[in-house]
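> Pasting in a structure now, in structure tokens, and then I'll have a few things to ask.
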Amino acid sequence: MRDYTKIEAWKLADDLTVAVYEQTRLFPKEEIYGLTSQLRRASYSVPANIVLRPVGA
Amino acid sequence: MPFKQLRDAFMSGKQWILTSALPFIMQGLFNPQRLTAHGSYSRCRNLTQGNKPDILNGASKGREGSAKNGSKQCSRVWATRRREGSSRESKKDYLHFLYIARGSLSETQYFVHLSRRLGYLSDVDADKLIGQTRQTFACLHGLIQAVEKETGKFGKTIAALTSLLVLGLWSRSPWFCSP
């Protein structure tokens, strides 16, 4: 398995996730299980899927 | 199929046995590792069964439903994939994950847009996030193209090798009429 921290796309996706988490901290309470949760899940899914690199790829 | 039987089959002119066993032989050649004995597989299994490292136990209780549970789920999925991965084409798998990542990125882009429309994000913040998503999109697209190219090349090489092998076996068979 190659070192995913060297993949440029992963670095950008990771930065995006951190930015999204910071911005959504100020979202209204009624959106905790709605837009906030969905936006966070969608954003962290990007680096997570880049990391899921099978052996040999 | 044991090696001796294969050799006997080959010597007695029953090449079709060898040809039918070819996929299994190729699988054995390319995936010689026993994944259940692999260190990372057992670590993933331990993580799934509750022997979590301190970093997960230290996660705050309010976030049990997200980060902690997510890590647990991921570890379970990863342990399963390690087990299944022996018989699958890993590059194609990786491509599949990259397509999912691209879909999630599009989703993120829309949610940022929606947050701006609802007034949860200021124009400056939303523009910043949209810019980041576009940059990530471009980079991810490059990665996908690179992996697609590699997968195509690998597939063609395997196909060419298999055809050469089959042709070689066929030319040795008694039914082959040489000109």
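The values are calculated or read from the model by the stated rules, or taken from the named source; none is laboratory data. Owing to the predicted nature of the structure, the values given are computational and were not obtained by experimental measurement. Please note: Cβ atoms are built from the backbone with ideal geometry, for glycine as well, and neighbour counts cover all protein chains shown.
> Would you confirm whether or not the range A:45-54 contains a residue that is assigned to a loop (DSSP other than H, G, I, E, B) and modelled with pLDDT of 90 or more?
no
> Applying the selection to the range B:91-138, what residues are touching a Pro at 6+ places or on another chain (Cβ under 8 Å) and not in a helix (DSSP H, G or I)?
B:Tyr120
> Given the conditions (1) more than 8 Å from chain A (Cβ to nearest Cβ); (2) under 28 Å from the mean Cα position of the chain (by Cα); (3) at pLDDT 90 or above; (4) surrounded by 15 or more Cβ atoms within 10 Å (Cβ to Cβ), report the number of the one that B:Arg116 does not fulfil.
Here B:Arg116 meets the rest and fails (2).
> I need the full set of residues from the range A:3-27 which are surrounded by fewer than 16 Cβ atoms within 10 Å (Cβ to Cβ) and at the interface with chain B (Cβ under 7 Å from one of its Cβ atoms), in order please.
Passing the criteria: A:Glu8, A:Asp15.
> Restricting the first residue to the range A:38-57 and requiring it to be facing another protein chain (nearest Cβ under 7 Å), which pairs with a second residue that is in a loop (DSSP other than H, G, I, E, B) and modelled with pLDDT under 95 meet a Cβ separation below 7 Å and a spacing of at least six or different chains?
So the pair list comes out as A:Ile50/A:Ile7; A:Arg53/A:Met1; A:Arg53/A:Arg2; A:Val55/A:Met1.
> Could you please find all residues in the range A:28-37 being of a type outside the set (Lys, Arg) and either more than 9 Å from chain B (Cβ to nearest Cβ) or in contact with a strand residue (DSSP E or B) (Cβ under 9 Å, 6 or more places away or on another chain) (or both)?
Residues satisfying the conditions are A:Glu30, A:Ile32, A:Tyr33, A:Gly34.
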